[in-house]
Amino acid sequence: MRIRKSESGSAASAALLALLQVIMVVVTVYIFAAKLYSPPAPITDIGRAVDEQYSLTLWVTAVVFVLSQLGIAYAVWRFRDHGQRAHFSRGNNTMEFIWTTATIILFLGLGILGRRAWAEVRFTPPAADAVQVEVTENQFVFNFRYPGPDGKFGRLDAKQISASTGNPLGIDSNDPAGKDDIVVPTLTVPVNRQVELHVTSQDVIHNIFVRELRLQQDAVPGLVVPIHFTAEKIGQYEIVCTQLCGLGHSRMHSYLNVVSDADYQAFLKSGGQ
């Protein structure tokens, strides 16, 4: 039994919804194609590898996005209500298997292609002469510790932690190796030299993220996570915490200063001043 014409849906509604769908696709593609919100240029080789992987992933997902959204717009118009009798469909198992398999292949394929950029800074051993820096985070500050002229980090004693007396990390006062350690609120590194960070937290889960490095790592209490990078451009870059670590999260930030080797040596000699 056919639906009476007076009870059929409006073609205008279907056309409007389909048009809005197409406009949404066009605007979204334009925003990405015009690079209206592009990130700053990377300053490491790994950062460029991350950008390449991101671009590949974006192109693949863009094709899927455009085709699927235009398909929805077509379906809205093609199968609009114009008085026809409704038919129940149990779906198509073959098509569901095909697109599910294709999704798995794309997902795993992109993950495998991106393994180098991920593993290079986490699973590849750093250079023997890499600059060693400890990164300790707590609510809501960053502390960076460098070994002094002796090249050794002093022991840490949690009982001696006292930011008010100038010992925010709890450097053991009885350990001679810690007497010359340098603790500062900003990270200073030499250009074109590998730096290994040892990241940890004193209280809750924090994070260290520098956009220009394309490097991000959670700081977890009780764990020391090593990561390394080589900055290739002198300049100052913002460091932020990207974990919601408490009410003061929004003001938790610091700076990465990439300097010449001469300036870096001067920084160490001045005790971080």
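Observations on the model:
- Over the chain: helical MRE at 222 nm, DSSP H runs n ≥ 4 each giving -39500 (n - 2.57), nearest 500: -11500 deg cm²/dmol
- Solvent accessible area, Å² - T186, 1.4 Å probe, full protein context: 40 Å²
- For the range 131-171: Kirkwood Rh in Å [reciprocal of mean 1/r, alpha carbons]: 11.0 Å
- Of all lysines in the structure, the ones whose alpha carbon falls short of 23 Å from that of K269, not counting any fewer than 8 places away in one chain, are K152, K179, K233.
- Sulfur and carbon atoms: percent of accessible area, the chain [1.4 Å]: 62 percent
- With Cα atoms, 0 to 90° folded angle of helix 11-33 axis to the chain main axis: 30 degrees
- Choice from I98, I46, I227 showing the highest fluctuation, given a GNM over the chain with Cα pairs closer than 10 Å: I98
- Values of log10 I(q)/I(0), in the order q = 0.13 Å⁻¹, for the range 120-194 under a Debye, Cα-only, solvent-free model: -0.44
- Karplus-derived 3J(HN,Hα), 6.51/-1.76/1.60, for each residue of the range 267-273, Hz, glycine and proline x: 4, 5, 5, 7, x, x, 7
- Restricting the trypsin sites (Lys or Arg not before Pro) of the range 195-233 to loop positions (DSSP other than H, G, I, E, B) with no more than 16 neighbouring Cβ atoms within 10 Å leaves K233.
- Most mobile listed residue (V195, V224, V29) in the chain, GNM with C-alpha springs under 10 Å: V29
- For the range 165-273, the alpha carbon positions stretch 39, 39, 23 Å along the principal axes, listed from largest to smallest.
- Highest-fluctuation residue, D51, D263, D157 considered, GNM on the chain with Cα pairs under 10 Å: D157
- When H249, H82 are compared by accessible area at a 1.4 angstrom probe, the order from most to least is H82, H249.
- Of all DSSP bridge pairs formed entirely within the chain, close to 70 percent run antiparallel.
- With protein chains left intact and a 1.4 Å probe, residues in the range 192-273 average 51 Å² of accessible area per residue.
- Note on S38: accessible area is roughly 70 Å² with a 1.4 Å probe, heavy atoms of protein only.
The values are calculated or read from the model by the stated rules, or taken from the named source; none is laboratory data. What you see is a predicted model; the values in this text were computed from it and never measured. Every residue, glycine among them, receives a Cβ derived from its backbone with ideal geometry; neighbour counts consider all protein chains shown. To get the accessible areas, we keep the full protein, side chains included, count just its heavy atoms, and leave off ligands, DNA and RNA. Shrake-Rupley method; radii C 1.70, N 1.55, O 1.52, S 1.80 Å.
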